[in-house]
Every structure is written in C-alpha cells, then in structure tokens.
Amino acid sequence: MLKDLIVRKEKEADYHNTELMAMRSFWNKYGPAADEHFLIRIIRESEDYLPEISRIAEYDGKIVGAVYYTKAWIVDGDVKHDVITFGPLAVEPTMEGNDIGGALMRETIKLAKDAGYAGIALMGEPYYYPRFGFERGEKYGLTDQDGNVWNSLQVLPLNDDFSNIKGMLIESKDFDKLEDKERLREINKDFPEYRVVKVQEGFMQIFEQHLGVVESIEEDTYMVRYWELLIPTKLSSNLKKKPEVGSDVQFIWNHKGQSSITKVLKNLLE
C-alpha cells in the first residue's frame, strides 16, 4: 500500500476528477468505451446513495480510486431485508498494483460494519472480492432479481442477522438510468476522447488482464502502450500469433515481475 495514500469522503470539488478516473479505470474493459463515470453521477443523485460509507482515495494530490455504496434489498416472497451494495470500485489504471482498491475496501467494510448493516451483497469480479471475505451468494441462498445464480453474485455478512437472510438481490431502480444513452453522450463531451476498442461480439470481460497496443519491438521484448505507460512484455508460451508494431494485444501486467502478452486482437471497430 502507498505510504501517503489518503482515503476520505468525496467533496463536490472532486466530482469531475473522480468521474474521469473511473472512466479511465473501466475504459474498454467490459465492452467498447465505458459508462461507470455516468453511473457515479446517477448514484450521487439517488436517494439510495450512501455517502457516509462511500470513499475516494487521493495520492500526491490526485484522485486515484473511489468506491460508491448504495442501499440494496434481499427479497424472499413478502419478506424484504435491508442490505447494501457497492459499485463501481475504480482505480486509476496507471496506479494499479498499489493496493488502492484494497485500501478502499478495508476502510468501507469497517464503516459498514460499524454502521450496523447486516451485510454487503454485489455482482462483481469473482476472482477479486474473496480476499476481503466475500463468499458466493449461492452458499446463502441468494440469487439475482431473476432467480439466477452466478459466480459473480457475492456476499459479505457483517453480523449474525445475515444468517436469517435469503432471497433475490434487488439493487436501486436508479441504476436503470444507465440506459439513457443520450445523457451519456452529453456527459462525455466534458471528458477526453479516448480510443474505443471492441475485440469480440457480445459481452466482454477481461479479468486480471489488460488491453494495450504494441508500440515497439526490441529483440524479444515488446513495449506495450497502456495509457501513459510503456510496459515491457514478453510473449506467452502458448501465444499462437506474434504481434507487430501497432497490434492490439491482451496482456498480463505483472507489477513485480515479467509481464506477458497472451493474445493478439483485432479491433472490430476499425
């Protein structure tokens, strides 16, 4: 963890910079472009927003992370239990590997527990959240609002009351406002224009990996452009096609060792 990292409440003066950081954090990660910065704006306007638990992370005067909590419910027939959820959890992409997301999670989990909430439930990346104590929702009889069970549906009980809770996870109806693409286009006018990449049809998820562009090749080292960074990488042993300068690639960024290219991709938008 960064020694001088500050975890604090968000102020109105932070809004634009926090949204920009979140936009960068999720850009081309789950599909072309991103809308998490729009989601943050929706959350702030929502009656279900929980600013007393939500936090941002600041380092060297810059916002490098944020997590936003909202009210949620677990519904079992006529029985409705109050819980909470969070998302997005965003980290400045050039600052990954510094436990910024971990610092935000540890701080806000403690705040939620101290506030007396029964538990935290979410739809999130299943490889990441178990390190904070989250378990599969299926273990507790939880489903999504359509009755489906997913690995991404996870829960962290915060007190003994949660042992009596089961049913469907229902999130704020305000999340439906994400479908307003016209408003998203208007919001995007306030932010830089980044390159949009689409590497497959349908829903895309890139867990624990990143998208980058090969900028130069020096013998067996491939310099991959990732935002403002140039990351030296090697080729994965099972890579079927060698990249060229200008190739879109998927790569594993090893912050403490050797990074490697795992796929050569084609941007379907170009």
>> So, in the stretch 248-265, how many residues would count as being surrounded by 14 or more Cβ atoms within 10 Å (Cβ to Cβ) and in contact with a Lys or Arg (Cβ under 9 Å, 6 or more places away or on another chain)?
In response: 9
> Which of the residues belonging to the stretch 100-110 are under 14 Å from the mean Cα position of the chain (by Cα) and touching a residue at least 40 places away in the same chain (Cβ under 8 Å)?
Replying inline: 100, 102, 104
> Applying the selection to the stretch 159-186, what residues are modelled with pLDDT of 95 or more, farther than 30 Å from residue 249 by Cβ and of a type in the set (A, V, I, L, M, F, W, C)?
Replying inline: 168, 169, 170, 175
> Name the residues in the stretch 207-249 that are touching a Leu at 6+ places or on another chain (Cβ under 9 Å) and farther than 27 Å from residue 124 by Cα, would you?
Replying inline: 215, 216, 220, 222, 223, 224, 242, 243, 247
> Can you name the residue in the stretch 119-140 that is part of a loop (DSSP other than H, G, I, E, B) and at pLDDT below 95 and is also farthest from residue 82 (Cα to Cα) among such residues?
Replying inline: 127
> Are any residues in the stretch 28-62 farther than 26 Å from residue 195 by Cα, touching a helix residue (DSSP H, G or I) at 6+ places or on another chain (Cβ under 7 Å) and charged (D, E, K, R), and if so, which ones?
Replying inline: 48, 55
> So, in the stretch 5-32, of the ones that are at pLDDT 95 or above and charged (D, E, K, R), which residue ends up surrounded by the most Cβ atoms within 10 Å (Cβ to Cβ)?
Replying inline: 19
> All but one of (1) small (Gly, Ala, Ser); (2) touching a Pro at 6+ places or on another chain (Cβ under 8 Å); (3) assigned to a loop (DSSP other than H, G, I, E, B) hold for residue 25; which doesn't?
Replying inline: (3)
>> Among the residues in the stretch 235-255, are any basic (Lys, Arg) and under 23 Å from residue 98 (Cβ atoms)?
In response: no
> Taking strands (runs of 3 or more DSSP E) that fall entirely within the stretch 54-102, which contain at least 1 residues that are modelled with pLDDT under 95 and surrounded by fewer than 17 Cβ atoms within 10 Å (Cβ to Cβ)?
Replying inline: 62-76, 79-91
>> Quick check on residue 208: is it exposed (fewer than 14 other Cβ atoms within 10 Å of the Cβ), among the acidic types (Asp, Glu) and closer than 30 Å to residue 112 by Cα?
In response: yes
> How many residues are charged (D, E, K, R) and farther than 18 Å from residue 42 by Cβ when one looks only at the stretch 140-187?
Replying inline: 5
> Just wondering, is there one or more residues in the stretch 235-248 that are farther than 30 Å from residue 41 by Cβ and either among the acidic types (Asp, Glu) or in a strand (DSSP E or B) (or both)?
Replying inline: yes
>> Anything in the stretch 141-188 that is part of a strand (DSSP E or B) and of a type in the set (Gly, Ala, Ser)? List them, or say none.
In response: 167
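The values are calculated or read from the model by the stated rules, or taken from the named source; none is laboratory data. Note that the structure is a prediction, hence the values are computed from the model and not measured. Ideal geometry is used to build each Cβ from the backbone, glycine not excepted, and the neighbour counts take in all protein chains shown.
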